[in-house]
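The values are calculated or read from the model by the stated rules, or taken from the named source; none is laboratory data. Predicted model, so just to flag it, every value in this text is computed and none were measured. Cβ atoms come from the backbone with ideal geometry, glycine included; neighbour counts cover every protein chain shown. Calculation scope for accessible area: heavy atoms of the full protein, side chains included, ligands and nucleic acids excluded. Shrake-Rupley method; radii C 1.70, N 1.55, O 1.52, S 1.80 Å.
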Amino acid sequence: MKIVKFVSIILFIPIILIIKIINPVLKIRWSTSYFPDRIGHLVAELEHYLYLTKNKSIFCIDIFPKHIFYNSNPCNTFLQKHYRKKLITIDTKIIILLQRSQKIVENYFKFIKFETIDKLLSTKDNFKIINKNFKPSILFSKGEKIKIKKQLKEIGLKKNQKFICLIARDSRYLKNRMNFDTSYHDYRDCNIENFTQGIKYLLNKDFFVFRMGKLQKKKLNLKNKNYLDYAFSKYRSDILDVWLMANCEFCISTGTGFDQISRVFKKPILYVNQLPFTDWPSFSRSLTHPKFLFDLKKKKFFDLKNYVQHSYHRMSEYKKNKIKVIDLNKNEILYCIKEFLQIMISNWNISSKRKKKQNKLNNNFKNFLLKYHPKIDFHQNIHKDALISNNFLEKNKRINL
(Lines give C-alpha, C1' and ligand atoms only; values in the text may rest on other atoms or scores of the structure.)
Protein backbone atom coordinates (compact mmCIF):
# COMPACT_ATOMS: atom_id res chain seq x y z
CA MET A 1 0.00 0.00 0.00
CA LYS A 2 2.85 2.41 0.85
CA ILE A 3 4.46 1.68 -2.51
CA VAL A 4 1.21 2.49 -4.33
CA LYS A 5 0.95 5.81 -2.47
CA PHE A 6 4.56 6.68 -3.22
CA VAL A 7 4.15 5.86 -6.92
CA SER A 8 0.95 7.94 -7.06
CA ILE A 9 2.76 10.93 -5.57
CA ILE A 10 5.65 10.58 -8.04
CA LEU A 11 3.21 10.36 -10.95
CA PHE A 12 1.60 13.60 -9.77
CA ILE A 13 4.86 15.55 -9.98
CA PRO A 14 4.53 16.18 -13.76
CA ILE A 15 0.98 17.43 -13.14
CA ILE A 16 2.02 20.04 -10.60
CA LEU A 17 4.95 21.08 -12.81
CA ILE A 18 2.45 21.73 -15.61
CA ILE A 19 0.36 23.73 -13.12
CA LYS A 20 3.47 25.77 -12.32
CA ILE A 21 4.23 26.37 -16.01
CA ILE A 22 0.73 27.65 -16.83
CA ASN A 23 0.66 29.81 -13.67
CA PRO A 24 1.15 33.14 -15.54
CA VAL A 25 -2.00 32.43 -17.56
CA LEU A 26 -4.10 30.34 -15.17
CA LYS A 27 -3.43 30.08 -11.44
CA ILE A 28 -4.50 26.88 -9.72
CA ARG A 29 -4.03 27.07 -5.98
CA TRP A 30 -4.65 24.93 -2.92
CA SER A 31 -3.64 24.91 0.72
CA THR A 32 -0.68 22.89 1.95
CA SER A 33 -2.65 21.63 4.95
CA TYR A 34 -6.34 22.62 4.84
CA PHE A 35 -8.50 19.92 6.46
CA PRO A 36 -10.71 21.67 9.03
CA ASP A 37 -13.43 19.68 10.72
CA ARG A 38 -13.97 22.16 13.53
CA ILE A 39 -16.44 24.98 13.45
CA GLY A 40 -13.99 27.72 14.46
CA HIS A 41 -11.60 26.98 11.63
CA LEU A 42 -14.40 26.52 9.13
CA VAL A 43 -16.02 29.88 9.89
CA ALA A 44 -13.01 32.09 10.54
CA GLU A 45 -10.79 30.75 7.76
CA LEU A 46 -13.46 30.74 5.10
CA GLU A 47 -14.87 34.15 6.03
CA HIS A 48 -11.34 35.57 5.79
CA TYR A 49 -10.74 33.74 2.52
CA LEU A 50 -14.01 34.85 0.90
CA TYR A 51 -13.46 38.47 1.87
CA LEU A 52 -9.87 38.54 0.64
CA THR A 53 -10.76 36.89 -2.68
CA LYS A 54 -14.06 38.62 -3.45
CA ASN A 55 -12.42 40.37 -6.43
CA LYS A 56 -10.49 37.28 -7.53
CA SER A 57 -9.84 36.90 -11.25
CA ILE A 58 -11.65 34.16 -13.20
CA PHE A 59 -8.17 33.03 -14.24
CA CYS A 60 -7.43 32.03 -10.66
CA ILE A 61 -8.91 28.74 -9.42
CA ASP A 62 -8.72 27.76 -5.75
CA ILE A 63 -9.56 24.18 -4.87
CA PHE A 64 -10.67 22.70 -1.55
CA PRO A 65 -10.97 19.10 -0.28
CA LYS A 66 -14.42 17.72 -0.99
CA HIS A 67 -14.88 15.63 2.16
CA ILE A 68 -15.22 18.70 4.39
CA PHE A 69 -18.21 20.03 2.48
CA TYR A 70 -19.98 16.80 1.53
CA ASN A 71 -19.48 14.38 4.43
CA SER A 72 -22.49 13.04 6.34
CA ASN A 73 -21.31 14.13 9.78
CA PRO A 74 -20.06 17.72 9.53
CA CYS A 75 -19.31 19.99 12.47
CA ASN A 76 -22.32 22.06 11.37
CA THR A 77 -24.74 21.10 8.58
CA PHE A 78 -25.98 24.66 8.00
CA LEU A 79 -22.44 26.00 7.54
CA GLN A 80 -21.39 23.03 5.44
CA LYS A 81 -24.21 23.68 2.93
CA HIS A 82 -23.51 27.40 2.96
CA TYR A 83 -19.78 27.21 2.21
CA ARG A 84 -19.89 24.43 -0.37
CA LYS A 85 -21.95 26.71 -2.60
CA LYS A 86 -19.14 29.24 -2.58
CA LEU A 87 -16.10 27.02 -3.18
CA ILE A 88 -14.64 24.73 -5.81
CA THR A 89 -14.06 21.30 -4.31
CA ILE A 90 -12.33 18.19 -5.65
CA ASP A 91 -11.73 14.71 -4.32
CA THR A 92 -9.69 14.93 -1.11
CA LYS A 93 -7.28 12.23 -2.35
CA ILE A 94 -6.30 14.50 -5.25
CA ILE A 95 -5.64 17.38 -2.85
CA ILE A 96 -3.41 15.10 -0.76
CA LEU A 97 -1.45 14.05 -3.84
CA LEU A 98 -1.04 17.69 -4.87
CA GLN A 99 0.19 18.63 -1.41
CA ARG A 100 2.68 15.78 -1.13
CA SER A 101 4.07 16.09 -4.64
CA GLN A 102 4.40 19.86 -4.08
CA LYS A 103 6.44 19.19 -0.95
CA ILE A 104 8.81 16.89 -2.83
CA VAL A 105 9.33 19.37 -5.66
CA GLU A 106 9.93 22.32 -3.33
CA ASN A 107 12.34 20.31 -1.19
CA TYR A 108 14.46 19.12 -4.10
CA PHE A 109 14.21 22.23 -6.26
CA LYS A 110 14.56 25.19 -3.92
CA PHE A 111 13.97 27.72 -6.70
CA ILE A 112 10.47 26.37 -7.35
CA LYS A 113 7.72 27.70 -5.07
CA PHE A 114 4.01 27.22 -5.55
CA GLU A 115 1.48 29.92 -4.81
CA THR A 116 -0.91 28.65 -2.14
CA ILE A 117 -3.97 29.98 -0.32
CA ASP A 118 -2.50 29.36 3.15
CA LYS A 119 -2.10 33.03 4.06
CA LEU A 120 -5.75 33.65 3.19
CA LEU A 121 -6.93 31.06 5.73
CA SER A 122 -6.62 32.23 9.30
CA THR A 123 -8.46 32.15 12.62
CA LYS A 124 -6.57 35.34 13.49
CA ASP A 125 -7.34 38.68 11.87
CA ASN A 126 -3.84 39.15 10.41
CA PHE A 127 -5.15 41.38 7.60
CA LYS A 128 -7.44 43.42 9.89
CA ILE A 129 -10.49 42.65 7.78
CA ILE A 130 -13.09 42.61 10.58
CA ASN A 131 -13.68 46.33 10.23
CA LYS A 132 -16.66 48.59 9.69
CA ASN A 133 -17.08 47.54 6.06
CA PHE A 134 -16.75 43.78 6.61
CA LYS A 135 -19.90 41.68 6.32
CA PRO A 136 -19.93 37.90 6.82
CA SER A 137 -21.04 35.76 3.90
CA ILE A 138 -23.45 33.87 6.19
CA LEU A 139 -27.09 34.77 5.53
CA PHE A 140 -30.44 33.39 6.66
CA SER A 141 -33.35 33.00 4.26
CA LYS A 142 -36.77 34.48 4.95
CA GLY A 143 -38.15 31.02 5.71
CA GLU A 144 -35.28 30.25 8.09
CA LYS A 145 -35.82 33.54 9.93
CA ILE A 146 -39.55 32.80 10.37
CA LYS A 147 -38.77 29.35 11.79
CA ILE A 148 -36.09 30.75 14.13
CA LYS A 149 -38.43 33.52 15.34
CA LYS A 150 -41.06 30.91 16.17
CA GLN A 151 -38.53 28.81 18.12
CA LEU A 152 -37.31 31.82 20.10
CA LYS A 153 -40.90 32.64 21.08
CA GLU A 154 -41.37 29.06 22.32
CA ILE A 155 -38.13 29.32 24.28
CA GLY A 156 -39.41 32.45 26.02
CA LEU A 157 -37.14 35.12 24.57
CA LYS A 158 -39.10 38.37 24.61
CA LYS A 159 -39.22 40.66 21.59
CA ASN A 160 -36.13 42.91 21.51
CA GLN A 161 -34.75 41.26 24.67
CA LYS A 162 -30.96 41.22 24.68
CA PHE A 163 -29.38 37.82 25.03
CA ILE A 164 -25.95 36.43 25.77
CA CYS A 165 -24.34 33.24 24.51
CA LEU A 166 -22.08 31.42 26.95
CA ILE A 167 -19.84 28.55 25.89
CA ALA A 168 -17.63 26.75 28.43
CA ARG A 169 -15.36 24.15 26.92
CA ASP A 170 -15.18 20.56 28.09
CA SER A 171 -13.65 17.49 26.47
CA ARG A 172 -16.77 15.64 25.33
CA TYR A 173 -17.24 17.25 21.90
CA LEU A 174 -13.75 16.54 20.56
CA LYS A 175 -13.63 13.07 22.08
CA ASN A 176 -16.85 12.19 20.25
CA ARG A 177 -15.83 13.71 16.93
CA MET A 178 -12.17 12.84 16.56
CA ASN A 179 -10.72 9.40 15.97
CA PHE A 180 -7.61 10.13 18.02
CA ASP A 181 -6.75 10.93 21.63
CA THR A 182 -7.79 14.53 22.30
CA SER A 183 -6.84 14.59 26.00
CA TYR A 184 -3.91 16.90 25.22
CA HIS A 185 -6.56 19.67 25.09
CA ASP A 186 -7.77 19.00 28.64
CA TYR A 187 -5.93 22.01 30.10
CA ARG A 188 -8.57 24.13 28.31
CA ASP A 189 -11.55 22.49 30.04
CA CYS A 190 -13.75 24.42 32.48
CA ASN A 191 -16.38 23.66 35.07
CA ILE A 192 -19.69 25.18 33.95
CA GLU A 193 -20.83 25.45 37.59
CA ASN A 194 -18.23 28.17 38.17
CA PHE A 195 -20.31 30.41 35.90
CA THR A 196 -23.44 30.19 38.06
CA GLN A 197 -22.99 33.50 39.93
CA GLY A 198 -22.11 35.31 36.72
CA ILE A 199 -25.19 33.96 34.95
CA LYS A 200 -27.43 35.01 37.85
CA TYR A 201 -25.93 38.49 37.71
CA LEU A 202 -26.78 38.73 33.98
CA LEU A 203 -30.29 37.45 34.62
CA ASN A 204 -30.81 40.20 37.20
CA LYS A 205 -29.85 42.65 34.45
CA ASP A 206 -32.74 41.24 32.35
CA PHE A 207 -30.49 39.51 29.84
CA PHE A 208 -31.54 36.14 28.50
CA VAL A 209 -28.66 33.67 28.80
CA PHE A 210 -28.14 30.71 26.48
CA ARG A 211 -25.64 28.12 27.66
CA MET A 212 -24.33 26.96 24.27
CA GLY A 213 -22.77 23.71 23.11
CA LYS A 214 -23.39 20.70 20.91
CA LEU A 215 -22.05 17.90 23.10
CA GLN A 216 -21.39 18.86 26.72
CA LYS A 217 -20.55 16.76 29.77
CA LYS A 218 -22.60 18.43 32.45
CA LYS A 219 -25.97 20.14 32.47
CA LEU A 220 -26.26 23.34 34.50
CA ASN A 221 -29.55 23.16 36.37
CA LEU A 222 -30.54 26.76 36.91
CA LYS A 223 -34.23 27.56 37.06
CA ASN A 224 -35.08 30.94 35.59
CA LYS A 225 -37.40 31.99 32.77
CA ASN A 226 -34.51 33.91 31.17
CA TYR A 227 -32.05 31.03 31.18
CA LEU A 228 -31.84 28.01 28.89
CA ASP A 229 -29.26 25.24 28.99
CA TYR A 230 -29.57 25.21 25.23
CA ALA A 231 -26.84 22.57 24.85
CA PHE A 232 -29.19 20.01 26.43
CA SER A 233 -32.49 21.38 25.11
CA LYS A 234 -34.82 20.12 22.40
CA TYR A 235 -34.33 23.42 20.57
CA ARG A 236 -30.65 22.94 19.79
CA SER A 237 -29.92 22.77 16.07
CA ASP A 238 -27.02 23.61 13.79
CA ILE A 239 -28.78 26.57 12.21
CA LEU A 240 -29.92 28.01 15.56
CA ASP A 241 -26.37 27.56 16.88
CA VAL A 242 -25.15 29.93 14.20
CA TRP A 243 -28.02 32.42 14.47
CA LEU A 244 -27.66 32.79 18.24
CA MET A 245 -23.89 33.29 18.13
CA ALA A 246 -24.30 35.77 15.27
CA ASN A 247 -27.03 37.86 16.92
CA CYS A 248 -26.18 37.86 20.64
CA GLU A 249 -25.45 41.08 22.50
CA PHE A 250 -22.09 39.57 23.38
CA CYS A 251 -20.49 36.20 23.85
CA ILE A 252 -18.79 34.70 26.90
CA SER A 253 -16.29 32.06 25.89
CA THR A 254 -13.44 30.04 27.33
CA GLY A 255 -11.58 30.20 24.02
CA THR A 256 -13.25 27.59 21.82
CA GLY A 257 -13.64 27.66 18.05
CA PHE A 258 -17.38 28.19 18.41
CA ASP A 259 -16.82 31.82 19.43
CA GLN A 260 -15.41 32.59 15.97
CA ILE A 261 -19.00 32.96 14.74
CA SER A 262 -19.55 35.86 17.15
CA ARG A 263 -16.19 37.37 16.21
CA VAL A 264 -16.84 37.48 12.46
CA PHE A 265 -20.23 39.05 13.20
CA LYS A 266 -18.32 41.70 15.18
CA LYS A 267 -19.84 40.83 18.55
CA PRO A 268 -17.75 41.70 21.64
CA ILE A 269 -16.39 38.64 23.44
CA LEU A 270 -15.45 38.03 27.05
CA TYR A 271 -12.79 35.32 27.23
CA VAL A 272 -12.36 33.69 30.64
CA ASN A 273 -10.01 30.81 31.45
CA GLN A 274 -8.35 31.27 28.07
CA LEU A 275 -5.05 29.44 27.43
CA PRO A 276 -2.37 29.46 26.15
CA PHE A 277 -1.66 33.14 26.62
CA THR A 278 0.07 33.41 23.23
CA ASP A 279 -3.36 32.69 21.70
CA TRP A 280 -4.81 35.79 23.33
CA PRO A 281 -7.27 37.21 20.72
CA SER A 282 -5.54 40.58 20.60
CA PHE A 283 -6.97 41.29 17.14
CA SER A 284 -10.60 41.82 18.19
CA ARG A 285 -12.79 43.81 20.58
CA SER A 286 -12.63 41.67 23.68
CA LEU A 287 -11.78 41.33 27.34
CA THR A 288 -9.59 38.37 28.32
CA HIS A 289 -8.66 36.71 31.58
CA PRO A 290 -6.43 33.63 31.25
CA LYS A 291 -6.28 30.76 33.68
CA PHE A 292 -3.70 31.09 36.42
CA LEU A 293 -0.44 29.18 36.13
CA PHE A 294 1.40 28.06 39.26
CA ASP A 295 5.04 26.96 39.29
CA LEU A 296 5.13 23.83 41.45
CA LYS A 297 8.94 23.91 41.66
CA LYS A 298 9.29 27.55 42.74
CA LYS A 299 5.98 27.58 44.62
CA LYS A 300 4.75 30.79 43.05
CA PHE A 301 2.37 32.07 40.39
CA PHE A 302 3.68 32.99 36.97
CA ASP A 303 4.46 36.53 35.87
CA LEU A 304 3.86 37.70 32.30
CA LYS A 305 7.26 36.56 31.06
CA ASN A 306 6.61 33.00 32.20
CA TYR A 307 3.09 33.04 30.77
CA VAL A 308 4.54 33.76 27.34
CA GLN A 309 7.57 31.52 27.70
CA HIS A 310 5.51 28.56 28.89
CA SER A 311 2.62 28.85 26.43
CA TYR A 312 1.88 25.26 25.54
CA HIS A 313 -0.83 23.59 23.48
CA ARG A 314 -0.57 20.22 25.18
CA MET A 315 -1.47 19.17 28.70
CA SER A 316 1.63 16.97 28.84
CA GLU A 317 3.87 20.03 28.47
CA TYR A 318 2.36 21.72 31.53
CA LYS A 319 2.82 18.53 33.54
CA LYS A 320 6.36 18.03 32.26
CA ASN A 321 7.32 21.56 33.33
CA LYS A 322 5.63 21.16 36.73
CA ILE A 323 3.00 23.80 36.01
CA LYS A 324 -0.39 23.66 37.69
CA VAL A 325 -3.24 25.10 35.62
CA ILE A 326 -5.83 26.81 37.85
CA ASP A 327 -9.31 27.89 36.74
CA LEU A 328 -10.88 31.16 37.78
CA ASN A 329 -13.26 30.66 40.68
CA LYS A 330 -16.92 31.76 40.77
CA ASN A 331 -16.11 35.20 42.20
CA GLU A 332 -13.37 35.86 39.65
CA ILE A 333 -15.67 34.96 36.75
CA LEU A 334 -18.39 37.19 38.24
CA TYR A 335 -15.83 40.00 38.50
CA CYS A 336 -14.91 39.59 34.82
CA ILE A 337 -18.57 39.74 33.75
CA LYS A 338 -19.18 42.91 35.78
CA GLU A 339 -16.01 44.45 34.39
CA PHE A 340 -17.00 43.52 30.83
CA LEU A 341 -20.46 45.08 31.18
CA GLN A 342 -18.94 48.26 32.54
CA ILE A 343 -16.52 48.47 29.63
CA MET A 344 -19.36 47.94 27.17
CA ILE A 345 -21.48 50.65 28.83
CA SER A 346 -18.57 53.07 28.51
CA ASN A 347 -18.12 52.03 24.85
CA TRP A 348 -14.58 50.86 25.58
CA ASN A 349 -13.49 54.22 27.00
CA ILE A 350 -11.16 53.20 29.81
CA SER A 351 -9.30 55.39 32.30
CA SER A 352 -5.84 56.73 31.50
CA LYS A 353 -4.45 54.66 34.37
CA ARG A 354 -5.98 51.50 32.98
CA LYS A 355 -4.82 52.35 29.47
CA LYS A 356 -1.26 52.89 30.71
CA LYS A 357 -1.30 49.51 32.44
CA GLN A 358 -2.68 47.82 29.32
CA ASN A 359 -0.10 49.46 27.07
CA LYS A 360 2.67 48.29 29.36
CA LEU A 361 1.38 44.73 29.13
CA ASN A 362 1.08 44.99 25.34
CA ASN A 363 4.67 46.14 24.94
CA ASN A 364 6.09 43.58 27.35
CA PHE A 365 3.98 40.86 25.81
CA LYS A 366 5.30 41.60 22.30
CA ASN A 367 8.90 41.72 23.55
CA PHE A 368 8.57 38.37 25.32
CA LEU A 369 6.83 36.95 22.27
CA LEU A 370 9.69 38.02 20.03
CA LYS A 371 12.13 36.31 22.38
CA TYR A 372 10.32 33.03 23.00
CA HIS A 373 7.93 32.60 20.05
CA PRO A 374 9.28 34.69 17.14
CA LYS A 375 7.20 32.78 14.56
CA ILE A 376 3.90 33.97 16.04
CA ASP A 377 3.03 37.02 13.97
CA PHE A 378 -0.61 37.94 14.67
CA HIS A 379 0.04 40.21 17.68
CA GLN A 380 1.96 42.86 15.76
CA ASN A 381 -0.99 45.27 15.67
CA ILE A 382 -2.94 44.82 18.87
CA HIS A 383 -6.54 46.03 18.56
CA LYS A 384 -7.16 49.16 20.62
CA ASP A 385 -10.17 47.46 22.26
CA ALA A 386 -8.45 44.15 23.04
CA LEU A 387 -8.13 44.33 26.81
CA ILE A 388 -6.84 42.12 29.61
CA SER A 389 -8.94 41.92 32.76
CA ASN A 390 -8.12 44.21 35.67
CA ASN A 391 -8.17 41.14 37.88
CA PHE A 392 -5.13 39.97 35.94
CA LEU A 393 -3.53 43.38 35.40
CA GLU A 394 -3.90 45.06 38.73
CA LYS A 395 -6.05 43.69 41.51
CA ASN A 396 -4.61 40.22 41.62
CA LYS A 397 -1.13 40.55 43.13
CA ARG A 398 -0.16 37.10 41.90
CA ILE A 399 0.71 38.61 38.54
CA ASN A 400 3.80 40.77 38.19
CA LEU A 401 3.95 42.54 34.85
Does region 207-217 contain at least one residue that is open to solvent by 30 Å² or more (accessible area, probe 1.4 Å), under 30 Å from residue 51 (Cβ atoms) and within 14 Å of the chain's Cα centre (by Cα)? no
Scan of region 203-219 for residues that are within 21 Å of residue 39 (Cβ to Cβ), of a type in the set (A, V, I, L, M, F, W, C) and either in contact (Cβ under 8 Å) with a residue 60 or more places away in the chain or assigned to a loop (DSSP other than H, G, I, E, B) (or both), ordered by number: 212, 215
Pair list, Cβ under 7 Å, 6 or more apart: region 4-15 residue aliphatic (A, V, I, L, M), other residue surrounded by 13 or more Cβ atoms within 10 Å (Cβ to Cβ) and assigned to a helix (DSSP H, G or I): 9/97; 9/100; 9/101; 9/104; 13/101; 13/104; 13/105
Is there a residue in region 119-134 that is open to solvent by less than 20 Å² (accessible area, probe 1.4 Å), of a type in the set (A, V, I, L, M, F, W, C), at negative phi and in contact with a helix residue (DSSP H, G or I) (Cβ under 7 Å, 6 or more places away or on another chain)? yes
If residue 115 passes every condition in (1) within 17 Å of residue 257 (Cβ to Cβ); (2) in a loop (DSSP other than H, G, I, E, B); (3) open to solvent by 30 Å² or more (accessible area, probe 1.4 Å) but one, which one does it miss? (1)
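Within region 302-401, considering only helices (runs of 4 or more DSSP H) that don't extend past its boundaries, which have at least 1 residues that are under 27 Å from residue 162 (Cβ atoms)?
Numbers: elements: 304-309, 315-320, 330-345, 352-372.
Once the helices (runs of 4 or more DSSP H) in region 302-401 are filtered for at least 1 residues that are under 27 Å from residue 162 (Cβ atoms), what remains is 330-345, 352-372.
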Note on region 268-301: residues of a type outside the set (A, V, I, L, M), assigned to a strand (DSSP E or B) and closer than 24 Å to residue 244 by Cα are 271, 273, 274, 286, 288, 289
Select from region 56-69 the residues that are open to solvent by 20 Å² or more (accessible area, probe 1.4 Å), in contact with a helix residue (DSSP H, G or I) (Cβ under 7 Å, 6 or more places away or on another chain) and not charged (D, E, K, R) and list them in ascending order. 67
What number of residues within region 1-35 are part of a loop (DSSP other than H, G, I, E, B) and among the small types (Gly, Ala, Ser)? 2
Which condition breaks for residue 53 when tested against (1) among the polar types (S, T, N, Q); (2) open to solvent by 50 Å² or more (accessible area, probe 1.4 Å); (3) at pLDDT 95 or above? (2)
So if I check each of 81, 103, which one is assigned to a helix (DSSP H, G or I), in contact (Cβ under 8 Å) with a residue 12 or more places away in the chain and open to solvent by 100 Å² or more (accessible area, probe 1.4 Å)? 103
Filtered residues of region 36-50 (kept if surrounded by 15 or more Cβ atoms within 10 Å (Cβ to Cβ) and not in a helix (DSSP H, G or I)): 36, 38
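Pick out the one residue from 252, 261 that is closer than 25 Å to residue 291 by Cα, open to solvent by less than 10 Å² (accessible area, probe 1.4 Å) and part of a strand (DSSP E or B). If you could, list the steps in order and put the result at the bottom.
Values: 261 fails: part of a strand (DSSP E or B).
That would be 252, the only listed residue that is closer than 25 Å to residue 291 by Cα, open to solvent by less than 10 Å² (accessible area, probe 1.4 Å) and part of a strand (DSSP E or B).
Right, residue 108: within 24 Å of residue 13 (Cβ to Cβ), open to solvent by 60 Å² or more (accessible area, probe 1.4 Å) and of a type outside the set (Val, Ile, Thr) or not? So that I can check it myself, show each step before the final result.
Values: within 24 Å of residue 13 (Cβ to Cβ): yes; open to solvent by 60 Å² or more (accessible area, probe 1.4 Å): yes; of a type outside the set (Val, Ile, Thr): yes.
Answer is yes for this residue.
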Just wondering, is there one or more residues in region 256-274 that are at pLDDT 95 or above, touching a helix residue (DSSP H, G or I) at 6+ places or on another chain (Cβ under 8 Å) and within 14 Å of residue 152 (Cα to Cα)? no
